[in-house]
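Asks: Below: one structure in structure tokens.
The values are calculated or read from the model by the stated rules, or taken from the named source; none is laboratory data. Keep in mind it's a predicted model, so treat the numbers as computed, not measured. FYI the Cβ positions are ideal-geometry reconstructions off the backbone, even for glycines, and counts take in every protein chain you see. These accessible areas exclude ligands, DNA and RNA; they are computed on the full protein's heavy atoms, side chains included. Shrake-Rupley method; radii C 1.70, N 1.55, O 1.52, S 1.80 Å.
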Amino acid sequence: VGGSGRQSLTRLATYLEDFEFFQIEIAKGYGKNEWRDDLKKVLMLAGAEGKDTVFLFADTQIVAEAFLEDINNILNSGEVPNLWGNDDIEQISAALRPVMQGLGMVVTKMTIHNFFISRVRSMLHCVLAMSPIGEAFRNRLRMFPSLVNCCTIDWFFEWPMEALISVAHHFLADLETGDGDRATVIDGIVKSCVNVHQSVEKASKRFYDELRRYNYVTPTSYLELLTTFMRLLGEKKDEIETTRHRLQVGLDKLNTTAKEVAIMEKELVDLQPVLTKTAKEVEELMVVIKADTEEADKTKAEVSVQETEANVKAAESKAIADDAQADLDMALPALDQALASLKNLTRNDIVEVKALKSPPAGVKLVMEACCIMFSKKPVMVADTDPKAKPGAKVADYWGESTKLLADPSAFLDSLMTYDKENIPADVIKKIGPYIEREDFTPEAISKVSKACTSICMWARAMHTYYQVSISVAPKRANLQRAQASLEVTMGELAVAKATLKKVEDKLADLERNFKAANQKKLDLAAQVERCSAQLERAGKLIGGLGGEKTRWEQTIKTLTVDLTNVVGDVVVAAGSVAYSGPFTPLFRADLNVNWASYMKGISLPHTPNVNISRVLADPVKIRAWQINGLPSDNVSTENGIIVSKARRWPLMIDPQGQANKWVCQMEKDKKLIVVKPADPTLTAKLEIAI
């Protein structure tokens, strides 16, 4: 029977002996030619290459009965008649000739053929995996006697108790059992799984005795039980823990909400007087701000008037100053030119003038004017002019001039630093006639002395500057008076601005305080509103779910118990998925009772009266199945659960077409492809589906 481990053990034995393993692969269109090619390969491995080869052939691979005839020949004689062509014989000869020569054998066609057959019979190991069920096996043994005569029959019996326990411990080695003694729980699960398997074997014999129906229980079924148990246990634990966690979160939320309601009620009561006080403070601040704003507006108007007045006076002062400066600008170019000319004089130029014993008239004229500008008194000497009266005297400035020129550097500095703003009027009066003279010009003086030319320019510039200063003096006086008045006005304006700034700063502080107080008022109002809304929602939550609290608490307790019992419950559920499918309702019920009573005897936690529906049923899914055509009886519900939870493909015994209708309706939106076994396009449709 498939699932006994025949092919697996064959592969294991091949690996242990380090043999070559060969098995045909049935594909679309596989026929006699492909079969003969595969036989050539396996015979070549053993006969030509001399490799120990295992050829595994299962009854599910018998596409044509002729395959068994060839197997019969191999078992009987080691060869298949008419298998080799000339090319194949040449290939075999080429491979065996060196080997035979090495062994000292005579090499002929006949000896090569016989040596090849002997190596095949020695090194080819045929393993036939046959199922004893039905008439086919009996008929094949009659038609091909070598299947019995030339084979060692290895009959596979049920696994013994030790094997079942060992395999179960291997599968459950990493299982998390939660609370409790892990070793005890694992041992209970192992014993229960072994009991499930053995009880199904007994039930299968009774099933045949009572109903004449076969149910084959193989090691694969037991492995499927263990695999299904591991998978369903994880799923069920996650489901219970998720549901319990969700309900626990809901309960915690209800309890937290009840506590928060009391806090919010107290907070709401405490906020009301604070809100009232803050509103009153905001109103008082508004009154103060209004009064201060009026005062600030008044001060701002006064400052604006004073500022306008100050601007007018400043404009008047600027006009006077500009007018005076314009007059001064007329004299300044000549003064600047004279000073620039003086800067060009050197000490030697002055020494040259000083060294003159009998200076020219132009030099004497310039130095006289210079002595007058510095208020030097002349020496009265006799007038040597023939036209002069007897005893007449004239002023002689040359003596004073030589004194001025005694220190050339000091003389030049005195010219450069001359106080042009305070020239005495009598000096200007005395220098006036010189200015009018035609021989007292830079052009005339430049003919006699470079140094005197610059001094002449300086004297004329000082005279011009004095005349301009005289005309500008009233304007300067007016400017001083205007600036004095402006300073007073600006002082008053500064005081007014300082007062205005204080008022504005105070107003700004009040505005900030008002905004802060108003924001505090708004925040408090929002907090009160939010608190009230939360209280309302909390009341609705507690009122709406208050009745659910007791049910949730009870459900959590039930789920906690279920989490403890889940191990035993899943053993029953996994046993039902793995084994119960072929049995009738009565046998299923007996198996459930047997499994539950056994777990009770070994103290493995489980729910009383547990069955597959109680453990794995999802009411929503079952209702959807029933809408799609699944009958509503318990057996059909169990069948639906087995189909949905089993890892292997379901084989449905469906004489009334109920399962067919249900599957077609459930899977119609998933591009379901329906075929019949006799459909000639079955393989093509299967390829499309895959």
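Asks: Report Rg(Cα)/(2.2 N^0.38 Å) for the range 160-301, keeping two decimals. Spell out each step's value before the answer.
Replies: Working: Rg = 37.8 Å, N = 142, 2.2 N^0.38 = 14.5 Å.
With N residues counted in the range 160-301, Rg over 2.2 N^0.38 Å equals 2.61.
Asks: Which sequence of TYR397, TYR222 reflects their accessible areas, 1.4 Å probe, from the largest down?
Replies: TYR397, TYR222
Asks: List the residue ranges in the chain for DSSP H helices whose C-alpha atoms run 15 angstrom or more along the long axis and whose Kyte-Doolittle average is 0.0 or above.
Replies: TM-like helix candidates: 66-77, 109-123, 161-171, 361-373, 425-436, 634-645.
Asks: Among the listed pairs LYS389/LYS429; LYS377/LYS420; LYS253/LYS600, which are separated by more than 31 Å between their Cα atoms?
Replies: LYS253/LYS600
Asks: Here's another thing I want to ask about it. Percent relative contact order of the range 159-295, based on C-alpha pairs within less than 8 angstrom and at least six residues apart? Don't skip to the end; give the middle numbers.
Replies: On the way: 34 pairs, mean separation 24.7, N = 137.
Across the range 159-295, relative contact order equals 18 percent.
Asks: Could you order ARG437, ARG244 by accessible surface area, starting with the largest, using a probe radius of 1.4 Å?
Replies: If we order ARG437, ARG244 from most to least accessible, we get ARG437, ARG244.
Asks: If I model the range 224-296 as equal point scatterers sitting on the Cα atoms and use the Debye formula, what is log10 I(q)/I(0) at q = 0.14, 0.17, 0.18, 0.19 Å⁻¹?
Replies: Log10 of I(q)/I(0), two decimals: -0.73, -0.82, -0.85, -0.88.
Asks: Sticking with this one: If you add up the charges near GLU267, with Lys and Arg at +1 and Asp and Glu at -1, over every other residue whose beta carbon is less than 12 angstrom from its beta carbon, what do you get? Walk me through the intermediate numbers first.
Replies: Details: positive: LYS266, ARG530; negative: GLU260, GLU265, ASP270.
Net of charged neighbours comes to -1.
Asks: In what sequence, largest accessible area first, do TYR579, TYR434 appear using a 1.4 Å probe?
Replies: Numbers: TYR579 10, TYR434 30 Å².
Solvent-accessible surface, decreasing: TYR434, TYR579.
Asks: Taking amide H atoms as placed 1.01 Å from N in the peptide plane, list the residues 5 or more away in sequence, or in a different chain, whose amide H sits under 5 Å from that of PHE374.
Replies: none
Asks: Could you tell me the accessible area of GLU295 in Å² (1.4 Å probe, neighbours in place), rounded to the nearest ten?
Replies: Spelled out: GLU295, probe radius 1.4 Å, area about 100 Å².
Asks: Under the Kirkwood approximation applied to all pairs of distinct alpha-carbon atoms, what is the hydrodynamic radius of the range 431-470 in Å?
Replies: 10.3
Asks: With an 8 Å cut-off on Cα pairs and a minimum separation of 6 or more residues, tell me the relative contact order of the chain in percent. Present the calculation step by step, with values, prior to reporting the outcome.
Replies: Working: 596 pairs, mean separation 112.5, N = 690.
For the chain, the relative contact order is 16 percent.
Asks: Another question, if that's okay. Rounded to the nearest 10 Å², what accessible area does MET666 have for a 1.4 Å probe in the complete protein model?
Replies: Near enough 60 Å² of accessible area.
Asks: Please report the Cα spread of the chain along all three principal axes, rounded to whole Å, starting with the longest.
Replies: So the extents along the principal axes, rounded to whole Å, are 194, 97, 51.
Asks: Now for a different question. How much net charge surrounds GLU307 when only other residues with a Cβ under 13 Å from its Cβ are counted (Lys, Arg +1; Asp, Glu -1)?
Replies: Computed value for this residue: 0.
Asks: Cross-link partners among lysines for LYS515, C-alpha distance below 17 Å, same-chain residues fewer than 8 apart left out?
Replies: Once the sequence-local lysines are set aside, what remains near LYS515 is LYS277, LYS280, LYS290, LYS506.
Asks: Hey, another quick one. Can you pull the Kirkwood radius for the range 83-140, inverse mean 1/r over Cα pairs, to one decimal in Å?
Replies: Evaluated on the range 83-140, it is 14.0 Å.
Asks: What accessible surface, in Å², does a 1.4 Å probe find on ILE263, ignoring ligands, DNA and RNA and rounding to the nearest 10?
Replies: 110
Asks: So who's got an amide H within less than 5 Å of the one on PHE21, skipping anything under 5 residues away but keeping other chains? H placed 1.01 Å off N, in plane.
Replies: Excluding prolines and chain starts, which carry no amide H, the hits are VAL54.
Asks: If you take every residue apart from VAL63 with its C-beta less than 15 Å away from the C-beta of VAL63, what net charge results, scoring Lys and Arg +1 and Asp and Glu -1? Kindly include the intermediate steps, with their values, before the conclusion.
Replies: Numbers: positive: LYS28, LYS32, ARG36, ARG140; negative: GLU25, GLU34, ASP37, ASP38, ASP59, GLU65, GLU69, ASP70.
It works out to a net charge of -4.
Asks: Next up: For the range 33-130, restrict the atom set to alpha-carbon positions and state the Rg and Dmax in Å.
Replies: Computed over the Cα atoms of the range 33-130, radius of gyration and Dmax are 13.8, 45 Å.
Asks: Could you give the C-alpha radius of gyration of the range 80-221 expressed as a fraction of 2.2 N^0.38 Å, taking N as the number of residues it contains?
Replies: On the way: Rg = 26.5 Å, N = 142, 2.2 N^0.38 = 14.5 Å.
Rounded to two decimals, the normalised Rg is 1.83.
Asks: So who's got an amide H within less than 5 Å of the one on VAL127, skipping anything under 5 residues away but keeping other chains? H placed 1.01 Å off N, in plane.
Replies: Those qualifying (amide H under 5 Å, at least 5 residues apart or on another chain) are PHE55, LEU56, PHE57.
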